[in-house]
1. If I model a spin label as a point 7 Å beyond the Cα along the Cα-Cβ vector, how far apart are those points for Ala208 and Thr419 in nm?
2. Can you list the aspartates and glutamates whose alpha carbon is less than 16 Å from that of Lys215, not counting same-chain residues fewer than 8 positions off?
3. Sticking with the crude label model, points 7 Å out along Cα→Cβ, report the distance from Leu311 to Ser110 in nm, one decimal please.
4. For the stretch 398-479, run through the GluC sites (Glu not before Pro) and keep only the ones in DSSP coil with at most 15 other Cβ atoms within 10 Å of their Cβ.
5. Taking a ≥ b ≥ c as the square roots of the Cα gyration tensor eigenvalues, with a/c under 1.5 meaning rounded and otherwise prolate when a/b beats b/c, else oblate, which class fits the stretch 143-198?
6. Can you list which of the chymotrypsin sites (Phe, Trp or Tyr not before Pro) found in the stretch 256-348 are DSSP loop residues with at most 15 other C-beta atoms within 10 Å?
7. Zone of Val125 (label point 7 Å along Cα→Cβ, backbone N under 15 Å): which residues in the stretch 174-199?
8. So, with a 1.4 angstrom probe, what is the percent of accessible area on the chain that is carbon and sulfur?
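The values are calculated or read from the model by the stated rules, or taken from the named source; none is laboratory data. Because the structure is a prediction, the values reported are computed rather than measured. Methodologically, a virtual Cβ is constructed for each residue, glycine included, from the backbone with ideal geometry; neighbour enumeration extends over all protein chains shown. To get the accessible areas, we keep the full protein, side chains included, count just its heavy atoms, and leave off ligands, DNA and RNA. Shrake-Rupley method; radii C 1.70, N 1.55, O 1.52, S 1.80 Å.
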Amino acid sequence: MKFSIRGVIPTVVLAAGFVSALVSSRQESTSALKHRRGTLQPRRTKSLLINPDAQPDLPSLEAATTAASAAYLNLDDIQGDVLIGMKKNKELFYFFSIANATEFKAKLASDILPLITTTTQLLSVSTQPITALNIAFSQSGLTALSITDALGDPAFAAGQFYDLANLGDPGPKNWVKQFAGTRIHGVMLFASDTQVNIDNEVADVELALGDSITKVYTLQGAARPGSEAGHEHFGFLDGISNPAIDGFTASPMPGQAVVASGSILVGEAGDYVPRPAWAKDGSFLVFRQLAQLVPEFNKFLTDNPIIEPGLTLQEGSDLLGARMVGRWKSGAPVDLAPLFDDPVLGADPTQNNDFTFEHPGSILAINQTSCPFSAHIRKTRPRADLSTPEETEHHIMRAGIPYGPEVGKREAAANTTKTERGLAFVAYQSNIGNGFQFMQSVWANNPDFVHPGQTYISGFSGANAGAPRVVTGLDPTDFTKPITLTTDFVVSRGGEYFFTPSLSAIADTLSV
Ligand code: HEM
Ligand SMILES: *[C@@H]1O[C@H](CO)[C@@H](O)[C@H](O)[C@H]1NC(C)=O
Ligand SMILES: *[C@@H]1O[C@H](CO)[C@@H](O)[C@H](O)[C@H]1NC(C)=O
Ligand SMILES: *[C@@H]1O[C@H](CO)[C@@H](O)[C@H](O)[C@H]1NC(C)=O
């Protein structure tokens, strides 16, 4: 069967009756793009993505197309990684610098653009490529391409290295040396279901780009094996609570935050910052290599079980871990399952986000029985703590993946990490100062957030420039009991701020 993606979108758009001047002009520019991309043969019988039960499914192509038409979003012009969340199976981050801008621009247009995977393409197996490719640029990369327009994002413009102290990192000593500075011009994200596919695509892309780029650094990510797929290295299921995007997510789950497309996509409804026209439908990509000290974290839990009647020591340790995250390993929220994991609840996306931290008869600002104020998910999304209805300013689309090997028997026995592992953290937003940067520095690291007057830095992802962190609220029998963390179980190895442009921006601005 011959399959053309050319026919699909316009037909649905027309059928849905949304033909405004805006849509038709966009339709024209993307049909020009599609023309260049040619007719695609179905290449896959099996998805390149994972889809753990606890995470909401991606919308179907039909549902996403209908939602997008209503919101005037063009999913053919948005790079595929921005809206799909934490569903990658294997992913390679390839950081490069541009050695010859003239040559790079030519290759970007002729060889790379046709390989860039769109959002639409990822939504059905029949249009997925063997290996998905996305590309993003740092400020120094845009400068190398002689792009002088300011994108309107100060954090991006300065680069992540400049932001290190603000993020709570203890100086550059733990930074991967290639991230220290502004040497990295861009990153290519290669995603597939097998390593071989990725390696082949990398070889093709390297051949095409030749000497126009220099490889600076790579990080290989992979979903954890077997039933741990979707879980981060401490063991907790991840990627459950990403916001529903107006114009993309067809049916938001109960309790899922619904945000304007412009909180993730530049230039869309809800993004009020003045930007150059070509930046529309791009998104800022925050990359962080966050090492996780798993044996050390496990020892800490073993050594500090929560003592409650009816709990074994092991259950008390499990409870401490769950309260640090705000969810059990299965994904069940402690706010709904306060003492024991509930895997059925965890696996059900219609229930596992359906909470606000508010309980009848309990005073929200003082009662930490159900969920500590310092819990990772409460620090990064305070739900009813801030307002009801929930504020929608500070949301990110998380799209990271674990990296590094499973914990070995010897490492576990020695309570000491020998081989680095962690989270290749990726977050998309239209404004880094409202998204990742805000969450990390104003929320997670701030002992006075969200209910001032008590001390609680996030014991999980919060940072205090390497100094010990005092966390209260973890023990449900005594909220005031401080637990002092002398080890950071999550260690920032640095990263960079990037901009993931639309396909038309690559075609019409970045490659010319
Ligand atoms: C190694 C570091 C990290 C690990 C292991 C980790 C792990 C997790 C886990 C297990 C969840 C619960 C699953 C879910 O609700 O989707 C979660 C949620 C979340 N994390 Fe992280 N995380 C890390 C770093 C960060 C950082 C640096 C940020 C941002 C500054 C962040 C922002 C969030 C947000 C926004 C949520 C969803 C909260 C909600 O909507 O309820 N995480 N993370
Ligand atoms: C950059 O590439 C162009 C086109 O391939 C070539 O003409 C030029 O000599 C190169 N410049 C340098 C400094 O290598
Ligand atoms: C805190 O809230 C729980 C219900 O979530 C309630 O059982 C408990 O009595 C409350 N504690 C205080 C001190 O208000
Ligand atoms: C590892 O930590 C556990 C829990 O504290 C302890 O029982 C064990 O002796 C430690 N092992 C080593 C080698 O230190």
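1. With each label point 7 Å from Cα toward Cβ, the separation is 3.2 nm.
2. Glu103, Asp199, Glu201, Asp204, Glu206, Glu496
3. 6.4 nm
4. Glu406, Glu420
5. oblate
6. In loop regions of the stretch 256-348 (DSSP not H, G, I, E or B), the sparsely surrounded chymotrypsin sites (Phe, Trp or Tyr not before Pro) are Tyr272, Phe340.
7. Label zone hits: 193-194.
8. The value for the chain is 57 percent carbon and sulfur by accessible area.
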